[in-house]
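Participant: Encoded as structure tokens, here's the structure I'll be asking about.
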Protein chains: 2
Amino acid sequence: MVTNHQILFNKDTPTGLPQPGITTKPGSSEIDLDNVALNGGVLTRNIAVSLDPTMRNRMKGDIGYFAPPYQVGKPVTAIGIGEVIRSEVDTFVPGDIAYAWSIGIEEYTIHPVAATATFRKLDQNHLSNGLSITTYLGAAGMAGMTAYMSLKEIVGDLKPGNKMFVSGAAGAVGQLVVQLCHQAGVKVIASAGSDEKCEFVKSLGADETINYKTHDLKTKLKAFAAETGIHYYFDNVGGDQLEAYISNAARYGIIVACGYISGYNVDKPEDVVYPKNLFNIVTKELKYQGFLVTSFIPKWIGKFMQEVPQMLAEGKIKNREDVTFGVYGAEDAFLRLFTGDNNGKVAVLIDTERAERWNLGKQIQNSNVWK
Amino acid sequence: MVTNHQILFNKDTPTGLPQPGITTKPGSSEIDLDNVALNGGVLTRNIAVSLDPTMRNRMKGDIGYFAPPYQVGKPVTAIGIGEVIRSEVDTFVPGDIAYAWSIGIEEYTIHPVAATATFRKLDQNHLSNGLSITTYLGAAGMAGMTAYMSLKEIVGDLKPGNKMFVSGAAGAVGQLVVQLCHQAGVKVIASAGSDEKCEFVKSLGADETINYKTHDLKTKLKAFAAETGIHYYFDNVGGDQLEAYISNAARYGIIVACGYISGYNVDKPEDVVYPKNLFNIVTKELKYQGFLVTSFIPKWIGKFMQEVPQMLAEGKIKNREDVTFGVYGAEDAFLRLFTGDNNGKVAVLIDTERAERWNLGKQIQNSNVWK
């Protein structure tokens, strides 16, 4: 028997920030790795998990969210990477490194057979190119896919000279959107929550930045829009920033609706800010389209895995990670996503020894440069 | 010299209903038809004009609307049809029937040369197929193009068995959307403002109707959505109905954003209702797209003019018109658009004698069936 340290969901928190120790709490259980029943599934030793804003919506009970609510007393689940240590499915054998859409924030997880259908194997090409394992949860993982695939599907060809507004630009997805747009010759204005983050985003290629806590959002966007208007908006936050974009949109502007983080942690539901200028959707002929990256993966995963990890390994795309060590650090790390104290993609490294096999030390050092 | 009876714009009315005699007023001027200077343009004797909700937004001063605000003391302009009586452009000669995007609500209009670029000629095929001239302002005109082209462009192929919600379904555009969807095998739920209008919409093929003044919108939409959700929404009104659709949308639902009439006549700007569930745009992967029909005309006008007037002439598509006789009736007719006292497409017939050449009498009779 070994101890399986876990972060357990403890209490539905419909409004306000999630509270470590109340919304979630540290816990543990005993597990017999050799004999525990798998019922046809797979047992993983977990290496790392990704913490994403979208998880906040699963802490609100059954609100009709597309992903099921967390269950009190069970581990919080997240996107993660684990090493298969026992398997009763044909597709995975012990030693395989599996990228899973739902893994517990814990050291070991038993996956029912149905869940293994969403596993993807990381192969030696990916594990030996110098990228850290956490990068496969961020820029080379869901965050990267989100940025890359949604631009491909919803915007299509990014036209050089066109203008893009990216909100939440220092976050996991935003930082990649800034770079992909900049590389395509698109002029970028990007918002973030501190001067230091704005500086980081500028180093990635943003032409202008907005510290939304201290700058006048509307004035800055209006000046950037100038005569042409702003052609694209990559929306991670909704609320005031969405409204300000709509007011400064070019005709035929496109809004890639990725998230609505401004509404996730309000004290009262009526505090969520919604735009009051939707009639401009009609008059400017805007397209406002939401997406979940899972819808685009079948079409784009091949191209993504060929291109993006390589670009990251060569330094053509940078990524900033906020890595926490150990299961029990996950509660504070999750909170940082919403207070804005995170620096880039938030991940939790559960198994440092395994992670270091893939050159993680170097990457973590890089990551710390930004802290 | 003859008298040119006109409806003049009289006073910006930013909020509330437009007021006949205050927002607009009857007027007249003298015009010498043979000698008035055209400065390179065209003089028309006007036959009929279309009254559209979108005109309301040009009565609010300069609000950044895509069409310029009306000028106090000048005739209110609208989409209309006139007979050219003098021309200094090469493309039109006296006797031509011109469909114009902007014509005064008056008996005679002098069009500057630039304005004639948007004229379209109605040919003998169209004028001899039994359709009334007002139909070329409605089902065979902008309203028809709006319904037909926006479905083609934004929805694409209507899938038989899918579900559509149409708001403002008894209006000029809505009644055609209902029929085009029904004919494509789409199940339609349609909203209108009276039981009589609901009955009319049902006769056009709607499977379910909602009298939004007396029925519970949310309950009806939810029942219609059932397990599948509602795949499409043709939005003429915005506000509560838009919010209710979003709550009952199928995954990948499409919103064709045609108008926002619920917001045009509020007493105070803060009375406009905006949906408070935009996060579902993300989670349901909805596409919410606005359009102005002018953007689609170059691509679709040929196909439209081949198909739709013929379908109307053969009775395969029905249209209900609310025709007022004489320039001075336009003020009340315009108001009816917003009180809901109109019955279908609102048009004003200015020149009955010319209109009757094209069999208008029969059509007006048909139209009156619905009154």
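Participant: Against the conditions (1) touching a helix residue (DSSP H, G or I) at 6+ places or on another chain (Cβ under 7 Å); (2) surrounded by fewer than 19 Cβ atoms within 10 Å (Cβ to Cβ); (3) more than 13 Å from chain B (Cβ to nearest Cβ), where does A:Ser203 fall short? Just the number, please.
Facilitator: A:Ser203 satisfies every listed condition except (1).
Participant: Can you tell me which residue is nearest to the chain's Cα centre (by Cα) among those in the range B:31-49 that are more than 16 Å from B:Val2 (Cα to Cα) and surrounded by 24 or more Cβ atoms within 10 Å (Cβ to Cβ)? Give the steps one after another, and end with the answer.
Facilitator: Of all residues in the range B:31-49, those more than 16 Å from B:Val2 (Cα to Cα) come to B:38-42, B:47-49.
Retained after the next criterion (residues that are surrounded by 24 or more Cβ atoms within 10 Å (Cβ to Cβ)): B:42, B:47-49.
Values: B:Val42: 25, B:Ile47: 17, B:Ala48: 14, B:Val49: 11 Å.
Within the range B:31-49, the match that is nearest to the chain's Cα centre (by Cα) is B:Val49.
Participant: Tally up the residues in the range B:77-113 that are part of a strand (DSSP E or B) and not aliphatic (A, V, I, L, M), please.
Facilitator: Filtering the range B:77-113 for residues part of a strand (DSSP E or B) gives B:77-87, B:97-104, B:106, B:108-111.
Keeping just the survivors that are not aliphatic (A, V, I, L, M) gives B:77, B:80, B:82-83, B:86-87, B:99, B:101-102, B:104, B:106, B:108-109, B:111.
Looking only at that region, the number is 14.
Participant: Something else now. Picking from A:Thr209, A:Thr214, which residue would you name as being in a loop (DSSP other than H, G, I, E, B) and either within 14 Å of another protein chain (Cβ to nearest Cβ) or not small (Gly, Ala, Ser) (or both)?
Facilitator: Values: A:Thr209 fails: in a loop (DSSP other than H, G, I, E, B).
The unique qualifying residue is A:Thr214.
Participant: Shifting gears a bit: Just checking, does the range B:126-133 include any residue being among the β-branched types (Val, Ile, Thr) and not assigned by the TED database to the domain that holds B:Leu337?
Facilitator: As a first pass, look at the range B:126-133 and keep what is among the β-branched types (Val, Ile, Thr): B:133.
Still in the running and not assigned by the TED database to the domain that holds B:Leu337: none.
Checking the range B:126-133: not a single residue is among the β-branched types (Val, Ile, Thr) and not assigned by the TED database to the domain that holds B:Leu337.
Participant: Restricting the search to the range B:249-261, which residues are outside any loop (DSSP other than H, G, I, E, B) and in contact (Cβ under 8 Å) with a residue 40 or more places away in the chain?
Facilitator: Step one: list which residues in the range B:249-261 are outside any loop (DSSP other than H, G, I, E, B), which gives B:249-257, B:261.
Those that are outside any loop (DSSP other than H, G, I, E, B) and in contact (Cβ under 8 Å) with a residue 40 or more places away in the chain: B:Ala250, B:Ile254, B:Val256, B:Ile261.
Participant: Hey, can you tell me all the residues within the range B:319-344 that are assigned to a loop (DSSP other than H, G, I, E, B) and either in contact with a strand residue (DSSP E or B) (Cβ under 8 Å, 6 or more places away or on another chain) or in the same structural domain as B:Gln179 (by the TED database) (or both)? Steps first, please.
Facilitator: Filtering the range B:319-344 for residues assigned to a loop (DSSP other than H, G, I, E, B) gives B:319-320, B:326, B:340-344.
Residues satisfying the conditions are B:Asn319, B:Arg320, B:Gly326, B:Asn342, B:Asn343, B:Gly344.
Participant: Suppose the filter is within 23 Å of A:Ile154 (Cα to Cα), facing another protein chain (nearest Cβ under 10 Å) and of a type in the set (A, V, I, L, M, F, W, C); does B:Ile246 pass it? Break it down stepwise before answering.
Facilitator: Numbers: within 23 Å of A:Ile154 (Cα to Cα): yes; facing another protein chain (nearest Cβ under 10 Å): no; of a type in the set (A, V, I, L, M, F, W, C): yes.
So B:Ile246 fails the test.
Participant: When only residues in the range B:217-246 that are in a strand (DSSP E or B) and touching a helix residue (DSSP H, G or I) at 6+ places or on another chain (Cβ under 8 Å) count, which is surrounded by the most Cβ atoms within 10 Å (Cβ to Cβ)? Explain how you work it out, then say what you get.
Facilitator: As a first pass, look at the range B:217-246 and keep what is in a strand (DSSP E or B): B:230-235.
Okay, now just the ones that are also touching a helix residue (DSSP H, G or I) at 6+ places or on another chain (Cβ under 8 Å), so B:230, B:232-235.
On the way: B:Ile230: 24, B:Tyr232: 26, B:Tyr233: 26, B:Phe234: 32, B:Asp235: 27.
Applying the filter and picking the extreme gives B:Phe234.
Participant: Could you figure out which of (1) out of contact with any Asp or Glu (no Cβ under 7 Å at 6 or more places or on another chain); (2) at pLDDT 95 or above; (3) within 14 Å of chain A (Cβ to nearest Cβ) isn't true of B:Ile261?
Facilitator: Result: B:Ile261 passes all but (2).
Participant: Same structure, new question: Can you tell me how many residues in the range B:62-80 are at pLDDT 95 or above and of a type outside the set (Phe, Trp, Tyr)? Quick ask: steps written out before the conclusion?
Facilitator: So in the range B:62-80, the residues at pLDDT 95 or above come out as B:69-80.
Add one more test, that the residue is of a type outside the set (Phe, Trp, Tyr), and what stays is B:69, B:71-80.
Going through the range B:62-80 one residue at a time, the tally reaches 11.
Let's see how each residue does on (1) modelled with pLDDT of 95 or more; (2) within 14 Å of chain B (Cβ to nearest Cβ); (3) touching a helix residue (DSSP H, G or I) at 6+ places or on another chain (Cβ under 8 Å); (4) under 23 Å from A:Glu196 (Cα atoms):
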site	(1), (2), (3), (4)
A:Lys284	yes, yes, yes, no
A:Gly302	no, no, no, no
A:Met311	no, no, no, no
A:Asp322	no, no, yes, yes
A:Leu337	no, no, yes, yes
A:Trp370	no, no, yes, yes
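Participant: OK, next. If I ask for residues that are closer than 29 Å to A:Glu196 by Cα and not polar (S, T, N, Q), which ones from the range A:144-154 would you list? Outline the logic, then answer.
Facilitator: Here is the first cut: in the range A:144-154, the residues closer than 29 Å to A:Glu196 by Cα are A:144-151.
Answer for the range A:144-154, where residues must be closer than 29 Å to A:Glu196 by Cα and not polar (S, T, N, Q): A:Gly144, A:Met145, A:Ala147, A:Tyr148, A:Met149, A:Leu151.
Participant: Among the residues of the range A:175-202, write down those that are under 19 Å from A:Gly138 (Cα atoms) and of a type in the set (S, T, N, Q).
Facilitator: At the first step, the residues of the range A:175-202 found to be under 19 Å from A:Gly138 (Cα atoms) are A:175-181, A:192, A:197, A:200-201.
Those that are under 19 Å from A:Gly138 (Cα atoms) and of a type in the set (S, T, N, Q): A:Gln175, A:Gln179.
Participant: Would you say B:Ile85 is of a type in the set (Val, Ile, Thr), within 14 Å of another protein chain (Cβ to nearest Cβ) and surrounded by fewer than 17 Cβ atoms within 10 Å (Cβ to Cβ)? Before the answer, list the steps.
Facilitator: On the way: of a type in the set (Val, Ile, Thr): yes; within 14 Å of another protein chain (Cβ to nearest Cβ): no; surrounded by fewer than 17 Cβ atoms within 10 Å (Cβ to Cβ): yes.
So B:Ile85 fails the test.
The values are calculated or read from the model by the stated rules, or taken from the named source; none is laboratory data. Please read these numbers as outputs of a predicted model, since none were measured by experiment. Reconstructed Cβ throughout: ideal geometry from the backbone, glycine too, with neighbour counts over all protein chains shown.
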